[in-house]
Structures are given as C-alpha cells and as structure tokens.
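The values are calculated or read from the model by the stated rules, or taken from the named source; none is laboratory data. None of the values given here were measured: they were computed from a predicted structure. So basically every Cβ, Gly included, is an ideal-geometry build from the backbone, and we count neighbours across all protein chains shown. The protein model used for the area step is the full one, side chains on, heavy atoms only, and it has no ligands, DNA or RNA in it. Shrake-Rupley method; radii C 1.70, N 1.55, O 1.52, S 1.80 Å.
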Amino acid sequence: MPDINTNDDQQQIKYGELVVLGYNGQIPSGDRGRRKSKFQLRQRTQPNGLKAQRQHLCKNADEVQKLTQADFHSISYTLSRNQTVVVQYAHDEDSDMFQIGRSSENQIDCIVMDTVAGAKTFDDLSVPQSTISRYACRIVISRHPPYTTRIYAAGFDASKNIFLGEKSIKWKNECNEMDGVTTNGILVMHLDGDQFNTNSKPTKWKEVSVCGSVFDLGEGRLKFNYQSTPPSNTDNILLDGSLIDLCGATLLWRSVEGLKNTPTRRLLELELDQLNSKKPQCPVGLNTLIIKTNPFASTSSNTPNAYVYVLCGHVHGNHKWGVKNDNSESRECPLCRTVGPLIPIIPGIEPAFYVIPNSDNESTTSYAFHPCGHMTSQSTTLYWSKIKVPYGTKGLKSICPFCSIALSETKPFVRLIFQDSIHRQ
C-alpha cells in the first residue's frame with residue numbers, strides 16, 4: 001500500500017488531517033517517517049478503496065485457507081471450529097483507503113503509538129505494553145466531492161486479511177451480513193454543531209464496528225448484545241472536529257474546510273514574536289521575559305523564560321520569592337498572594353487544535369491551560385475544557401490537546417496577566 005505522502009503532495013487533492021492529541025506540532029525529538037503527530041490525507045494517484053463483494057460460508061480450515069490466501073482482501077469471522085464466514089472484498093475505484101495502527105508494516109499509512117501525557121523526549125514515549133492494535137482501524141474517503149470520510153474498525157494485515165477469532169465479538173446484522181468489533185474497540189465522538197468552535201457541544205462516545213456500524217456504549221462490552229441492539233442514529237462519517245480513540249491514543253479529524261478557519265503555524269509564530277517584542281517584565285526581578293517555543297531545551301540564552309502562577313495567571317520569571325516549605329509546587333504570588341505552582345509558559349503551536357475564534361481580534365497568546373501551562377487562545381481553552389476523552393483506566397477526562405495532561409477540574413485554564421497589561425480586557 002503506497003504511503004500517504006508523495007512528492008506530488010502539492011498537486012494532490014487534500015482530504016483533511018488526522019492529528020494525534022498530546023503533541024505540540026511534532027512528537028518529541030521530531031517526527032519519524034510514518035510515525036508523526038499529524039497526517040495529511042491526500043487523494044492517491046491510484047484508488048485503493050475496497051467494497052464488500054461476496055460472503056462465503058466455510059466448513060473446514062482448508063476452505064478458509066484457500067480463500068484467505070487468494071489475491072483479494074477478505075474479512076474472516078470464525079463462528080466455531082467448523083464454521084467460518086469469509087467476506088470477499090473487491091477493488092473500489094471511487095474511494096481511497098488509509099490504514100492506522102501501531103504496526104510499521106507497509107500497509108499501515110499512519111503509525112500511531114500510545115500517547116504518554118507530558119512526554120518531553122522520545123524515550124518518554126515508551127510503554128511496557130501497548131494497548132493500540134497493530135491494525136487498529138481504516139478510513140475510507142470518497143474520491144469525489146464532497147469527499148465523504150468514513151471510519152471502520154480494524155485494518156487489513158500484510159496478507160490482505162482481517163481475522164475475527166472464535167472468541168471475538170461478532171454477529172449477523174438485519175441484512176444477514178456478518179459484522180464485529182475489535183478486541184479493545186475503536187470509539188468515535190462527533191460534535192453537536194456545524195463548526196469547530198466554542199458553540200459546538202460534545203456528544204457521547206460510541207463504538208465503531210468492522211463494517212462501520214456505530215453503537216452506543218453499554219455497561220460492558222462483553223455483556224452488550226450487538227446483534228439485538230439496533231445501531232445508533234450516529235453514523236461513521238467523520239466531520240470537522242470528530243475524535244477517534246484507539247485505546248491508547250486519541251486522534252482529531254480536521255477537514256480541509258475547517259482548517260481554513262484555523263491560524264497557520266506562521267501566524268502563531270508571528271503573534272508570539274509580537275508578544276516577545278513588547279518585552280514583558282518580571283514584577284519581581286524587573287528583567288525582560290521571553291516566551292520560548294521549547295522552554296525545556298538546553299540553550300545558552302541568558303534571557304529568563306516566562307513563568308505563570310497557574311492559579312491566578314500572573315506572569316513572572318522563575319525567581320525564588322514565595323517558596324513555601326521548600327516545595328516548588330507551592331509558591332506564593334507576590335502580586336495577589338495566591339499560593340500555587342509556578343510553571344513555564346509553553347506556546348501551543350499545533351494549528352489544528354485551535355478552534356474558530358469568538359472575535360476577529362482574539363489573541364492566541366492570552367490564555368494558558370492549567371496545570372501544564374500551554375498558551376493558546378481563549379476560545380481554544382473554552383472548547384477543550386469541555387471535551388472529555390478516554391484517559392487510560394481513569395475514565396473520561398478533559399485534557400490539554402498539546403500535551404494530554406489532564407486539566408484541573410476546578411480551574412482548567414487561566415488568563416495570562418502580564419505586568420504591563422499586554423492583554424487588556
């Protein structure tokens with residue numbers, strides 16, 4: 001399967017972008033080949049879409065092997081030791097398929113590994129055991145306007161097959177066609193709203209099947225009767241702002257039309273330069289502060305980095321005033337006496353996470369998420385603070401999209417207050 005990025009990217013029609021939550025423009029230490037923080041999906045030179053063609057009922061292993069080793073894609077549903085349904089797929093010239101998973105095999109277009117909240121180096125990304133499937137899901141996009149984008153659980157392996165074993169959850173739908181779900185599940189959440197802005201409301205997370213049906217989540221997947229439960233009234237069409245959870249990483253889908261309303265990387269850098277050019281000062285040290293794109297990088301710059309008291313929003317340098325009981329997490333703000341953490345301000349430089357602003361003159365350097373300190377716009381903090389995503393074994397939580405750290409439930413973001421009132425309200 002060809003890679004999604006070619007030398008002809010500028011000439012190819014762009015469908016949209018898949019962006020992994022938790023990375024601020026790139027994975028730590030830089031994107032690596034097909035493993036990156038953002039994937040641009042473009043129309044392929046040759047279509048590689050698939051559509052179901054025939055359903056075979058096999059009564060022994062030899063029949064299954066003969067079909068699965070043939071030169072076509074197939075999905076196998078093992079019902080018992082002596083009964084397997086193999087669905088044969090044919091080439092579809094009207095669609096493009098993109099596969100997502102943690103496997104580095106050639107048929108996987110987007111390599112996605114488990115997200116580690118707050119990771120600063122590539123080594124921080126290692127996990128004892130990944131919960132993301134090697135062939136997690138596939139996205140199929142129509143090659144014709146309006147380029148409808150659909151998501152399906154599971155991806156085809158190197159032998160062009162998807163196998164659902166005897167213990168996997170599977171059933172026959174109302175059309176007498178086989179369907180099933182993957183071991184860890186692929187979840188999707190759409191927005192209740194036409195645009196990716198603060199007025200959009202999150203809906204419930206739902207599960208996508210291998211054939212693209214969408215189901216409301218029951219109390220437990222093993223007890224949930226997919227066959228007798230009608231699919232949800234939600235479909236598997238991805239719209240601007242839809243979220244996909246792979247059980248270990250969450251992806252954001254941004255459409256081409258939606259991206260037209262987001263700031264470019266260059267605009268974000270220009271606004272940061274404008275902020276630094278105003279030379280904000282530390283109220284205690286009276287020295288000029290600078291907000292760096294990577295405050296953790298080891299540089300020889302003597303310019304103090306800007307820090308923020310995340311409970312009150314006052315911006316300072318990293319001075320030693322107000323440390324309580326030798327605890328760096330407990331610092332008293334010299335301006336308002338609020339006690340709380342003092343952390344570096346980190347610019348949020350991934351454009352896809354920015355929502356449509358509430359006003360034309362909204363600044364992208366006026367607010368910061370709490371407790372991580374990622375700086376962004378007011379609209380962006382308002383939006384992401386009400387979106388809850390699967391968070392390991394801790395249920396659903398609101399996270400900072402730039403680092404995946406869980407936001408404070410009482411004060412998820414703060415307005416940045418500079419000494420010279422750079423951001424006036």
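Observations on the structure shown:
- Hits in the stretch 136-181 - residues which are touching a Cys at 6+ places or on another chain (Cβ under 7 Å) and closer than 23 Å to D114 by Cβ: I151, Y152, A153, A154, G155
- All conditions but one from (1) open to solvent by 50 Å² or more (accessible area, probe 1.4 Å); (2) at pLDDT below 90; (3) within 28 Å of I27 (Cα to Cα) apply to P341; the one that does not is (1).
- Scanning the stretch 352-366 for residues that are under 22 Å from the mean Cα position of the chain (by Cα), open to solvent by 20 Å² or more (accessible area, probe 1.4 Å) and not aliphatic (A, V, I, L, M) gives a single hit, P357.
- Matching option when the condition is of a type in the set (A, V, I, L, M) and within 26 Å of T45 (Cα to Cα), among I139, I186, I169, I132: I139
- Set side by side, the residues F224, F156 differ, and just one is at pLDDT 90 or above and part of a loop (DSSP other than H, G, I, E, B), which is F156.
- Qualifying residue in the stretch 100-120 (condition: under 21 Å from W253 (Cα atoms), among the acidic types (D, E) and not in a strand (DSSP E or B)): yes
- Check on S80, in contact with a Gly (Cβ under 9 Å, 6 or more places away or on another chain), touching a residue at least 24 places away in the same chain (Cβ under 8 Å) and not assigned by the TED database to the domain that holds Y391: no
- Evaluated against (1) in contact (Cβ under 8 Å) with a residue 40 or more places away in the chain; (2) of a type outside the set (D, E); (3) over 30 Å from E257 (Cα atoms); (4) surrounded by 16 or more Cβ atoms within 10 Å (Cβ to Cβ), I111 falls short on exactly one condition, (3).
- Only residues that are touching an Asp or Glu at 6+ places or on another chain (Cβ under 7 Å) and surrounded by 16 or more Cβ atoms within 10 Å (Cβ to Cβ) were counted across the stretch 154-169, and they come to 0.
- Residue satisfying all of: in the stretch 238-271; under 24 Å from N199 (Cα atoms) and free of Cβ contacts under 8 Å to residues at least 40 places away in the same chain; least open to solvent (accessible area, probe 1.4 Å) among these: E257
- The condition (being modelled with pLDDT of 95 or more, small (G, A, S) and more than 18 Å from the chain's Cα centre (by Cα)) is satisfied by just one residue among S421, S377: S377.
- Identity of the residue in the stretch 121-153, among the hydroxyl-bearing types (S, T, Y), open to solvent by 10 Å² or more (accessible area, probe 1.4 Å) and not in a loop (DSSP other than H, G, I, E, B), that ends up farthest from Q107 (Cα to Cα): S142
- Residue within the stretch 164-181 that is touching a Ser or Thr at 6+ places or on another chain (Cβ under 6 Å) and among the polar types (S, T, N, Q) present: no
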